[in-house]
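A short write-up of the structure that comes next.
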Amino acid sequence: MHKAELPDNELDRQKSLESMGILTSVADPELDRITRVAQRIFGSEIVAISLLDNDRQFFKSNINQPTSETPRDVSFCGHVIHDDRTFVVEDAISDDRFRDNPLVTGAPFVRSYAGVPLTNPDGFKIGTLCVVDTTSRQFSDEDIQILEDLGLWAETIIALRYGARTPQQVFDDLDPAKQELLTDPQTRSWNAAGMTEFLHRELINARLKNTPIAIFRFEIDEHENLAKTYGAETLERVVQAIASAVTSSLRDRDVVGRVDKYGFACLMPGAREEQTSFLGFKLCDTVREQCRFTDAEGDPVRITVSVGATWAEPETKFHHTAGEILDLAGNALLEARSIEIENVVYRALPVPEEAN
């Protein structure tokens with residue numbers, strides 16, 4: 001028997017699953033609706049939405065599955081979360097991986113299985129939607145497409161009910177080592193790695209919730225001259241003030257992070273495309289109005305930022321990575337700085353050729 005192995009990111013995956021509260025919540029009628037629809041379509045004897053939790057496979061919703069959980073190392077679903085594609089076993093008896101599996105040789109006597117991985121808003125595969133029969137069967141391309149569509153429905157319900165966590169809640173869920181890895185110690189905001197990871201998470205959220213994201217890169221104007229004139233320590237305090245001012249001006253769902261010495265990134269889920277440039281100028285206003293300081297003679301020193309912006313539609317995850325999107329916003333920032341201070345430049349993400 002080929003046991004289901006643990007994914008490389010298992011510790012983070014498990015922590016993300018536990019933080020959702022889905023393991024301890026009551027039965028979910030909407031998830032039960034999905035399994036009922038799947039049974040009507042496929043006519044399968046067993047249909048389940050399973051969650052891979054530590055050493056067990058827990059059935060959050062199931063039809064005709066005789067137990068509420070099974071050992072994870074013998075589960076078929078444990079194999080599914082290693083890939084993005086639907087996992088199909090048409091005849092378990094003739095499959096070397098499963099012929100001596102206790103779920104095949106004993107109850108529920110699995111012969112055929114098809115399962116689609118379910119991804120949570122953090123980007124982790126937490127379980128599956130699967131259909132199981134005690135007789136062998138084939139699954140057509142149309143069958144697989146239907147199962148994947150039902151899986152997207154399940155992911156959407158899971159995201160809406162269990163995935164609405166603020167950046168602060170996400171931070172609080174991280175272990176100390178991960179917090180150190182993903183945050184800037186001076187501003188206590190996300191660092192470049194953290195912002196890339198967070199944008200990846202928000203791209204998944206955008207697809208599941210059918211909402212867009214506005215993405216910004218902004219940097220202190222003329223920071224080289226400011227550092228030379230007033231010193232690096234003073235400018236570091238300005239950086240901290242900017243992080244604090246921008247964070248306090250954002251909604252709970254918005255994210256800001258320090259991505260280089262004098263530069264930041266900001267994510268605003270749900271922003272409309274036509275709002276993006278306006279919101280960029282609002283970032284400029286926030287910094288200009290809240291981040292002044294006085295020099296040795298008591299004269300005010302004006303601090304401004306320039307902004308590069310772009311906007312991601314709900315399906316962007318299929319066309320661009322988080323790193324590519326942040327780089328595009330960074331290029332727009334360079335263009336903004338080359339024109340004048342306190343400037344905003346918006347650049348649309350390139351349209352994939354297949355979408356033309």
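Calculated FRET efficiency, E222 and Q168, Cβ-Cβ r, R0 35 Å, to nearest 0.05? Mind dumping the intermediate values first?
Numbers: r = 32 Å, r/R0 = 0.93.
Step by step, r from the Cβ atoms, then E = 0.60.
Per residue of the chain, what 222 nm ellipticity follows from adding -39500 (n - 2.57) for every DSSP H run with n ≥ 4, rounded to the nearest 500? Write out the running numbers ahead of the final one.
Values: 12 runs with 145 residues, N = 356.
The per-residue figure over the chain is -12500 deg cm²/dmol.
Would you mind listing how long segment 225-291 runs along its three principal axes, going by Cα atoms, in whole Å with the largest first?
That gives 40, 19, 18 Å along the principal axes, largest extent first.
May I ask for the longest run of the chain untouched by trypsin sites (Lys or Arg not before Pro) that are loop-located per DSSP and have at most 15 neighbouring C-beta atoms (other than their own) within 10 Å?
Formally, the longest exposed-site-free interval is 100-187.
Mind listing the Cα extents of segment 191-232 along all three principal axes, in Å, largest one first?
49, 17, 9
Counting GluC sites (Glu not before Pro) as exposed when in a DSSP loop with at most 10 other beta carbons within 10 Å, what is the longest stretch of the chain free of them?
Working: sites that count: E297, E340.
Here the longest run is 1-296.
So which chymotrypsin sites (Phe, Trp or Tyr not before Pro) in segment 76-146 are both in a DSSP loop and have at most 15 other Cβ atoms within 10 Å of their Cβ? Provide the component values of the computation, followed by the final result.
On the way: sites: F76, F87, F98, F109, Y113, F124, F139; in loops: F76, F98, F109, F124, F139.
Hits after loop and neighbour filter: F109.
Using the alpha-carbon atoms, what tilt in degrees (0 to 90, nearest 10) does helix 141-162 show relative to the longest principal axis of the chain?
Tilt of helix 141-162: around 50 degrees.
Kindly express, to the nearest 10 degrees and within the range 0 to 90, the angle between helix 232-249's C-alpha long axis and the longest C-alpha principal axis of the chain.
50 degrees
Quick check: at a probe of 1.4 Å, how many percent of the accessible area of segment 1-131 sits on carbon and sulfur atoms?
Its accessible area is 49 percent carbon and sulfur atoms.
Which FRET efficiency value, to the nearest 0.05, is calculated for F278 and N54 with the Förster distance at 56 angstrom and r the Cβ-Cβ distance?
Details: r = 47 Å, r/R0 = 0.84.
Taking R0 as 56 Å, the efficiency between F278 and N54 is 0.75.
At 7 Å along Cα-to-Cβ for each site, give me the label-to-label distance between T234 and S136 in nm.
Placing both labels 7 Å along Cα→Cβ, they lie 8.0 nm apart.
What ³J(HN,Hα) values, in whole Hz, does the Karplus curve 6.51 cos²θ - 1.76 cosθ + 1.60 give for segment 9-15 when θ = phi - 60°, with x put for Gly and Pro?
9, 4, 4, 5, 4, 5, 5
Given a 1.4 angstrom probe, what's the average accessible area per residue across the chain, in square angstrom?
Values: 16560 Å² over 356 residues.
I get 47 Å² per residue for this part.
Using every pair of alpha-carbon atoms in segment 100-242, split the distances into 10 Å bins beginning at 0 and state the percent of pairs per bin, rounded to integers.
9, 25, 24, 18, 13, 6, 4, 1
Would you please classify the overall shape of segment 1-90 from the alpha carbon gyration tensor, given that a ≥ b ≥ c denote the square roots of the eigenvalues, rounded means a/c under 1.5, and beyond that prolate means a/b larger than b/c while oblate covers the rest? Can you show the working numbers first?
Working: a/c = 1.80, a/b = 1.22, b/c = 1.48.
Taking the square roots of the gyration eigenvalues as a ≥ b ≥ c, segment 1-90 is oblate.
Please count, across the chain, the pairs of lysine residues with Cα atoms under 25 Å apart that sit 8 or more places apart or on different chains.
18
Give me log10 I(q)/I(0) at q = 0.20, 0.23, 0.26 Å⁻¹ for segment 271-356, Debye formula, one equal scatterer per alpha-carbon, no solvent.
-0.94, -1.10, -1.23
Return one number: the angle in degrees, 0 to 90 and rounded to the nearest 10, between the long axis of the Cα atoms of helix 192-209 and the longest principal axis of the Cα atoms of the chain.
Orientation of helix 192-209: about 50 degrees from the principal axis.
Considering only protein heavy atoms and a probe of 1.4 Å, how much of the accessible area of segment 197-356 is carbon and sulfur, as a whole percent? Please list the in-between numbers first.
Numbers: 3660 of 7630 Å².
Within segment 197-356, the accessible surface is 48 percent carbon and sulfur.
Using 0.36 nm per residue, how much length does the chain from R161 to E335 gain when fully extended, once their Cα-Cα distance is taken away?
Values: separation 174, 0.36 × 174 = 62.64 nm, distance 4.07 nm.
This chain segment gains 58.6 nm when fully extended.
For segment 90-140, what class follows from the C-alpha gyration tensor (a ≥ b ≥ c being the square roots of its eigenvalues): rounded when a/c is under 1.5, otherwise prolate if a/b is larger than b/c, else oblate?
Numbers: a/c = 2.59, a/b = 1.95, b/c = 1.33.
The shape class here is prolate.
Enumerate the calculated ³J(HN,Hα) couplings along segment 255-268 in order (Karplus 6.51 cos²θ - 1.76 cosθ + 1.60, θ = phi - 60°), each rounded to whole Hz, writing x wherever the residue is Gly or Pro.
For segment 255-268, the Karplus curve yields 10, 10, x, 8, 9, 7, 4, 10, x, 9, 10, 9, 10, 10 Hz.
In square nanometres, what is the average projected area of the Cα convex hull of the chain? Intermediate results must be reported in sequence, preceding the final value.
Numbers: hull surface 80.1 nm².
Average of the hull's projected areas for the chain equals 20.0 nm².
The values are calculated or read from the model by the stated rules, or taken from the named source; none is laboratory data. This one's a predicted model, so the numbers in the text were calculated from it and none came from an experiment. Positions of Cβ are backbone-derived with ideal geometry, glycine not excepted, and every protein chain shown enters the neighbour counts. Side chains included, ligands, DNA and RNA excluded: accessible areas come from the protein's heavy atoms. Shrake-Rupley method; radii C 1.70, N 1.55, O 1.52, S 1.80 Å.
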